Amino acid sequence: MAQPTKWIAASDKTMLKQILNFVELGSLVIGVLAVYFAVRNNTRQLGAQIFLAYSDRVWTIRRAAIFDTRNSETFAAAVFLVFELFELKRRGYVSRSIWSIWDNDIADLFRSDAFREHWAGIRPRLKNHPHFLRWVDGQLDTSRRSGSEAGTPAVPSLRLQEPE
């Protein structure tokens, strides 16, 4: 009769070990998920903070550009703002969903005759940022090519490519 008691005790120990293994595994999974959601939430909050910080500047420059198309400093401010947004996107601080909010406004700016008129004067001020200059020039070339083919101004594609 002593043997069945030992068998039950050994079975209980094995079952207890399995339960503890499942608890350890469950704790590990919950910990990994908690870290993932914390990082994801932090990234989204950072994106929202960047959006809110820049939205006021975008609005101010947009209004200035509407009413004062002859002032090259207004366009320089707009270009430097686009440059800052470009760099934030290029370095991964701005997600595609946030960039898409500004995408059409940047396309409208690049498409405007006033921007093209001022670009030659603004361009030398960005000489230390050749990747941005190449990107803007590429957008303008794309816009000119597709606009001349269709006979109407085209909206340039402003989807940023990954940094080289």
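Values in this text are rule-based calculations from the coordinates and carry no lab data. Being a predicted model, the structure only gives us computed values, none of them experimental. Note that each Cβ is placed from the backbone with ideal geometry, even for glycine, and that neighbours are counted across all protein chains shown.
Each of Ala53, Ala76, His118 was scored by the projection of its Cα onto the charge dipole of region 2-150, and the greatest displacement toward the positive side belongs to Ala53; charges sit on the C-beta of Lys, Arg, Asp and Glu.
Computed extension length for Ala53-Asp137: 27.5 nm, one decimal, from 0.36 nm per residue of separation with the Cα-Cα distance subtracted.
May I ask you to compute the full-extension gain from Ser95 to Val32, defined as 0.36 nm times their residue separation minus their alpha-carbon distance, rounded to one decimal in nm? Please report the intermediate quantities before stating the final value.
Working: separation 63, 0.36 × 63 = 22.68 nm, distance 2.31 nm.
Taking 0.36 nm per residue and subtracting the Cα distance, the gain is 20.4 nm.
Entry for region 2-150 at q = 0.19 Å⁻¹: log10 I(q)/I(0) = -1.17, Debye formula applied to identical alpha-carbon scatterers, no solvent contribution.
On the basis of the beta-carbon distance and an R0 of 22 Å, Thr43 and Phe80 show a calculated FRET efficiency of 0.30.
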